[in-house]
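Peer 1: To start, I am sharing the structure in question, which I have written as structure tokens.
The values are calculated or read from the model by the stated rules, or taken from the named source; none is laboratory data. Quick caveat: nothing in here was measured; it's all calculated off a predicted structure. Backbone-built Cβ (ideal geometry, glycine too); neighbour counts: all protein chains shown.
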Amino acid sequence: MPVYFIQSEHILGQRVRLDSDLEHHLGNVLRLKIGETIRLIDETPKRYVARVLTTRPHPVTLEIESESLRPSGDSPKIRLCVALIKREKMDWIVQKATELGVTRISPVLTEHTVIRPDFKRAARQVARWEKIAKEAAQQSCRWDMPRIDPPVDLQTVFSEPENQGFQFIFSEQCSPSEGKQVIEKALSVSGRSGTLMIGPEGGWSASELAQAEASDYISLSLGERILRTETAVLAALSILQYELSYGTP
């Protein structure tokens, strides 16, 4: 069962005041019936189980039956810096990266990036990605939504204050040998949070890899095959999530 994001100000005692979009979705799309339950989550974050009291043709109203806090523990905080690619593929990356738990997505412009954004429309572009991320976060039962940055030049990322945690840059120019050992060692030193960089289909330039090395990024391979950007994102995140969940402490 998915969760639906609300604001804590919408909780009025044991009742929930729905905005028009969520009410439409619950009443006209899902066609919820009286007595059915759904899960909600607010920004605190707190999760609720709510039961439907009324539905169409009347306004949909919900009553909270139970609530719970986010489980304690050190959740990974993963920033994905990925070369900007065509619209539908970038949308897919945002969706899948959200499902895989990324906490921040930064589209970057590289030397071999073909797509060049219209910065006048950056806010609209980010708003579309945020909508995609929200839907993916709800479907995958996340406790929060990732932060989505507007497209930024790669050099800007390298010039940011020193990042805390692991810093991996994946490149087809690296040897696939010992990749697992390198990741395990880096995670044992840096902890469960950090940054992944995935380049364009044209690959990183020599100067970009040199800048990454100067910024303390560890170069890694995803194997012998040359992958599309969106495939590389899925592979890298899957590997990292496995190591964070089941790898050697």
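Peer 1: Tally time: how many residues in segment 17-49 are in a helix (DSSP H, G or I), over 15 Å from Phe5 (Cβ atoms) and either in contact with a Pro (Cβ under 9 Å, 6 or more places away or on another chain) or hydrophobic (A, V, I, L, M, F, W, C) (or both)?
Peer 2: Total meeting the criteria: 2.
Okay, residues lined up against (1) surrounded by 14 or more Cβ atoms within 10 Å (Cβ to Cβ); (2) assigned by TED's automatic domain parsing to the domain that holds Val94; (3) in contact with an Asp or Glu (Cβ under 7 Å, 6 or more places away or on another chain); (4) at pLDDT 90 or above:
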{"residue": "Gln138", "(1), (2), (3), (4)": "yes, yes, no, yes"}
{"residue": "Asn163", "(1), (2), (3), (4)": "yes, yes, no, no"}
{"residue": "Ile183", "(1), (2), (3), (4)": "yes, yes, yes, no"}
{"residue": "Ser188", "(1), (2), (3), (4)": "no, yes, no, no"}
{"residue": "Gly223", "(1), (2), (3), (4)": "no, yes, no, no"}
{"residue": "Arg228", "(1), (2), (3), (4)": "no, yes, yes, yes"}
{"residue": "Ser238", "(1), (2), (3), (4)": "no, yes, no, yes"}
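Peer 1: Within segment 150-158, does at least one residue satisfy the condition of being part of a strand (DSSP E or B), among the charged types (D, E, K, R), at pLDDT 90 or above and in the same structural domain as Pro107 (by TED's automatic domain parsing)?
Peer 2: yes
Peer 1: What number of residues in segment 228-249 are in contact (Cβ under 8 Å) with a residue 12 or more places away in the chain and more than 17 Å from the chain's Cα centre (by Cα)?
Peer 2: 5
Peer 1: Could you count how many residues in segment 54-80 are assigned to a loop (DSSP other than H, G, I, E, B), closer than 23 Å to Ile105 by Cα and touching a residue at least 12 places away in the same chain (Cβ under 8 Å)?
Peer 2: The qualifying residues number 4.
Peer 1: Take Ile132 and decide whether it is among the β-branched types (Val, Ile, Thr), within 30 Å of Asp21 (Cα to Cα), in contact (Cβ under 8 Å) with a residue 24 or more places away in the chain and surrounded by 15 or more Cβ atoms within 10 Å (Cβ to Cβ).
Peer 2: Answer is yes for this residue.
Peer 1: Which of the following residues is aliphatic (A, V, I, L, M) and over 23 Å from Arg17 (Cα atoms): Val60, Val126?
Peer 2: Val126
Peer 1: Using the structure shown, decide if Val94 is within 30 Å of Ala235 (Cα to Cα), surrounded by 18 or more Cβ atoms within 10 Å (Cβ to Cβ) and not small (Gly, Ala, Ser).
Peer 2: So Val94 passes the test.
Peer 1: Looking at Pro146, Pro150, can you tell me which residue is buried (at least 20 other Cβ atoms within 10 Å of the Cβ) and either closer than 14 Å to Leu80 by Cα or in contact (Cβ under 8 Å) with a residue 12 or more places away in the chain (or both)?
Peer 2: Unique residue meeting the criteria: Pro146.
Peer 1: Just to verify a result, which residue in segment 97-129, among those that are of a type in the set (Asp, Glu) and over 12 Å from the mean Cα position of the chain (by Cα), is surrounded by the fewest Cβ atoms within 10 Å (Cβ to Cβ)?
Peer 2: Asp118
Peer 1: Which one of these is under 19 Å from Glu135 (Cα atoms) and in the same structural domain as Leu237 (by TED's automatic domain parsing): Arg47, Arg87?
Peer 2: Arg87
Peer 1: For a quick check of your reading of the model, give me the residue pairs whose first member lies in segment 98-111 and is farther than 18 Å from Ala127 by Cβ, whose second is small (Gly, Ala, Ser) and assigned to a strand (DSSP E or B), with beta-carbon atoms closer than 7 Å and at least 6 apart or on different chains.
Peer 2: Taking only residues 6 or more apart or on different chains, the pairs are Val108/Ala83; Thr110/Ala83.
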